[in-house]
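The values are calculated or read from the model by the stated rules, or taken from the named source; none is laboratory data. In this text the structure is predicted, and so the values were computed from the model without any measurement. Methodologically, a virtual Cβ is constructed for each residue, glycine included, from the backbone with ideal geometry; neighbour enumeration extends over all protein chains shown.
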Amino acid sequence: MTVDARLAPGHPAFAFLEFGLDVPALARIADIAGLQALLRGTPRPVVNERGAPLQLVGPAGPVGAADYERRVYERAELVVRPDTWHDRFNVLAWRVFPRAKAALNARHASDLAVSGDVTRRSRLRDALTLFDEDGMIVAVSDASIEARIRAFEWRTVFWDERVRLATGAAFVPFGHALMEKLLDPFVGLTAKAIFVRVPANFGAWQWSQRQDCLDASAARIIGALATPRDLAPLPVLGIPGWWPDTDRREFYDDSSYFRPGRRGDQRRASG
């Protein structure tokens, strides 16, 4: 499990998460016991929606998506393969965003209880899965930034107004698949974003205050998700400083990556 040199410790993609645990430290954890230790001693207990402490367990065989979610909700057991970045980052996500992760799981369980259909996901569960895997929390103190992203005005928000972006927004990976992909990124990598409104001095808050704000806000937004269209597509390598080519204006002319998209489709992924 290697880390791309361009995403060494200190890269902005992991800057917020590294207050929870930096990437090299996560790579050194070799077993479930080590990952379980990550969930201890956090400011807010890592529990499922029912308040039961989350317990990590190894896979005893193939685990379907529905059984996986029910096991977390009913028994507070999270199936983990400790030798994979995907599952390590999932544990990190639970550590940093315990309320939001519990809210995601609870909505999966509720939808499964209502539909009873484990053979295919509903539109709600599609949205929950997309955010759980590839989600990004965008903390914005400048409403125009959210408007630009929702309108797919990529060159404007990432190039023309990057000074405004630097002071008015923070980008925090939430999805564990997204975190894994960021270890070996590729042009085309796209996140599914929600927006959290924060005050202008948000960046000066202590990390624990920022973490608590984003976690609680994300949990509320997750409670209102209905379809994948509630999530805003975000070409993450366009964020200034996240990829070597972001220092070239021409990079943002690549319409195969910075697509015009469906204007006005993202409705509710903010709070």
Original post:
Mind checking which residues of the range 28-50 are within 22 Å of the chain's Cα centre (by Cα) and either touching a residue at least 60 places away in the same chain (Cβ under 8 Å) or under 19 Å from N105 (Cα atoms) (or both)?
Top reply: Q36, L39, P43, R44, P45, V46, V47, N48, E49
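Somewhere in the range 241-262, is a residue part of a helix (DSSP H, G or I), touching a strand residue (DSSP E or B) at 6+ places or on another chain (Cβ under 8 Å), farther than 29 Å from D111 by Cα and touching a residue at least 12 places away in the same chain (Cβ under 8 Å)?
Quick first cut of the range 241-262, residues part of a helix (DSSP H, G or I) only: 244-247, 249-253.
Filter once more, so that each one left must be touching a strand residue (DSSP E or B) at 6+ places or on another chain (Cβ under 8 Å): none.
Checked against the condition, which is being part of a helix (DSSP H, G or I), touching a strand residue (DSSP E or B) at 6+ places or on another chain (Cβ under 8 Å), farther than 29 Å from D111 by Cα and touching a residue at least 12 places away in the same chain (Cβ under 8 Å), the range 241-262 yields no hits at all.
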Original post:
Is the range 124-147 home to any residue that is out of contact with any Lys or Arg (no Cβ under 7 Å at 6 or more places or on another chain), surrounded by 21 or more Cβ atoms within 10 Å (Cβ to Cβ), charged (D, E, K, R) and within 20 Å of G261 (Cβ to Cβ)?
Top reply: yes
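Within the range 226-243, is there a residue that is of a type in the set (D, E) and either touching a Lys or Arg at 6+ places or on another chain (Cβ under 7 Å) or surrounded by 16 or more Cβ atoms within 10 Å (Cβ to Cβ) (or both)?
Of the residues in the range 226-243, the ones of a type in the set (D, E) are 230.
The next check asks that each one be either touching a Lys or Arg at 6+ places or on another chain (Cβ under 7 Å) or surrounded by 16 or more Cβ atoms within 10 Å (Cβ to Cβ) (or both); those that pass are 230.
Within the range 226-243, one or more residues are of a type in the set (D, E) and either touching a Lys or Arg at 6+ places or on another chain (Cβ under 7 Å) or surrounded by 16 or more Cβ atoms within 10 Å (Cβ to Cβ) (or both).
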Subject >> Flag if V163 is part of a helix (DSSP H, G or I), surrounded by fewer than 20 Cβ atoms within 10 Å (Cβ to Cβ), without any contact (Cβ under 8 Å) to a residue 24 or more places away in the chain and not assigned by TED's automatic domain parsing to the domain that holds L234 >> reply: no
Original post:
Can you name the number of the only condition in (1) outside any helix (DSSP H, G or I); (2) basic (K, R); (3) touching a residue at least 24 places away in the same chain (Cβ under 8 Å) that R107 fails?
Top reply: (1)
**OP:** Please give the number of the condition A139 fails out of (1) outside the structural domain of F202 (by TED's automatic domain parsing); (2) part of a strand (DSSP E or B).
**Re:** (1)
**OP:** Please work out which residue is farthest from S141 (Cα to Cα), limiting yourself to the range 168-212 and to residues that are among the aliphatic types (A, V, I, L, M) and part of a helix (DSSP H, G or I).
**Re:** A177
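Only one of these is modelled with pLDDT under 95 and within 27 Å of Q209 (Cβ to Cβ): P43, P59, P82. Name it.
Values: P59 fails: within 27 Å of Q209 (Cβ to Cβ); P82 fails: within 27 Å of Q209 (Cβ to Cβ).
Among P43, P59, P82, only P43 is modelled with pLDDT under 95 and within 27 Å of Q209 (Cβ to Cβ).
Filter the range 112-130 down to the residues that are touching an Asp or Glu at 6+ places or on another chain (Cβ under 9 Å) and in contact (Cβ under 8 Å) with a residue 12 or more places away in the chain and list them by number.
Residues satisfying the conditions are L112, V118, R121, L124, R125, A127, L128.
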**OP:** Among the candidates A226, A219, single out the residue that is in a loop (DSSP other than H, G, I, E, B) and modelled with pLDDT of 95 or more.
**Re:** A226
